[in-house]
1. Taking 0.36 nm per residue of sequence separation and subtracting the Cα-Cα distance, how much length would be gained by fully extending the chain between Glu54 and Asn86, in nm to one decimal?
2. How much FRET efficiency would the formula 1/(1 + (r/R0)^6) give for Glu9 and Ser137, where r is the Cβ-Cβ distance and R0 is 35 Å, rounded to 0.05?
3. Using the Karplus equation 6.51 cos²θ - 1.76 cosθ + 1.60 (θ = phi - 60°), what ³J(HN,Hα) coupling, rounded to whole Hz, does each residue of region 21-27 give in order, writing x for Gly and Pro?
4. What number, rounded to the nearest 500 deg cm²/dmol, is the helix-based mean residue ellipticity at 222 nm of the chain, given -39500 (n - 2.57) per DSSP H run of at least four residues and division by all its residues?
5. So, in nm, how far is label Glu183 from label Thr73 when the simple model puts each one 7 Å beyond its Cα toward the Cβ?
6. What is the distance, in nm, between label points placed 7 Å from the Cα along the Cα-to-Cβ direction at Ala34 and at Arg158?
7. Could you tell me which of rounded, prolate or oblate describes the chain, using a ≥ b ≥ c as the square roots of the eigenvalues of the alpha-carbon gyration tensor, with rounded for a/c under 1.5 and, failing that, prolate when a/b is larger than b/c and oblate otherwise?
8. Just check region 1-94 against the gyration tensor rule for me: Cα atoms, a ≥ b ≥ c as the square roots of the eigenvalues, rounded for a/c under 1.5, and otherwise prolate or oblate depending on whether a/b exceeds b/c.
Amino acid sequence: MTLKPVTLEERTIRLEPLSLDHLDALCEVGLDPALWNLSTTPMQTRDDMRAYIETALQWQKDGTGLPFAIYHTPESKYIGSTRYANAEHNHKRLEIGWTWIARLWQRTAVNTEAKYLLLRHAFETLGCKRVEFKTDSLNTQSRNALLRIGAKEEGIFRNHMITPSGRLRHSVYFSIIDSEWPEVKSRLEAKLGKYNARQK
């Protein structure tokens, strides 16, 4: 399993390898305090966004991550970011996370398409045996979204992180394993098919 920069594309979005060239575009939509309420990463300034991208690129250099900018094709606009992280090559597992999408495009097909593209590439190209996710126990929206795509909740890591406010965060872990991917893939394709039908 080797992580290499790649572009992944669906009907509504394109996932492009993240770079500092995306800084201005991501600042335009990403310095919204509401996006980061439950995050462990402070995000208030252009320097914060630069540090966010630089950290992601360092993980890519280290071989443990692969970050993407999310490009909304119909509106020709960058609207967020997501990444592979915590890759364990010998064990063929990685995490999908660090996903944020500008509020205007939340509760649309964007997140479903992004997860579909990342999961398909992970299982069908990279040969992953396990893909995992984690989220704040207070993030009901994220937890429900992961359950809807077919991820299995595995448990809670208590006092797992300290947020910028000093709150102790409990992290909920989810996963999808390779034997579950065909069913999850069918579920995601059905969801995307319904969305596409509504847009016609």
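1. On the way: separation 32, 0.36 × 32 = 11.52 nm, distance 1.61 nm.
Full-extension gain reported as 9.9 nm.
2. Working: r = 33 Å, r/R0 = 0.96.
Result of the calculation: an efficiency of 0.55.
3. Karplus-based 3J(HN,Hα) across region 21-27 equals 5, 8, 4, 4, 5, 6, 4 Hz.
4. Details: 5 runs with 65 residues, N = 200.
Rounded to the nearest 500, it is -10500 deg cm²/dmol.
5. For the pair Glu183/Thr73, the computed spacing is 3.0 nm.
6. 3.4 nm
7. Rounded.
8. Details: a/c = 1.95, a/b = 1.27, b/c = 1.53.
It is oblate, given that a/c is not under 1.5 and a/b is not larger than b/c.
The values are calculated or read from the model by the stated rules, or taken from the named source; none is laboratory data. Remember, it's a predicted structure, so these values are computed and weren't measured experimentally. Here the Cβ is made from the backbone with ideal geometry for all residues, glycine too, and neighbour counts use every protein chain on show. To get the accessible areas, we keep the full protein, side chains included, count just its heavy atoms, and leave off ligands, DNA and RNA. Shrake-Rupley method; radii C 1.70, N 1.55, O 1.52, S 1.80 Å.
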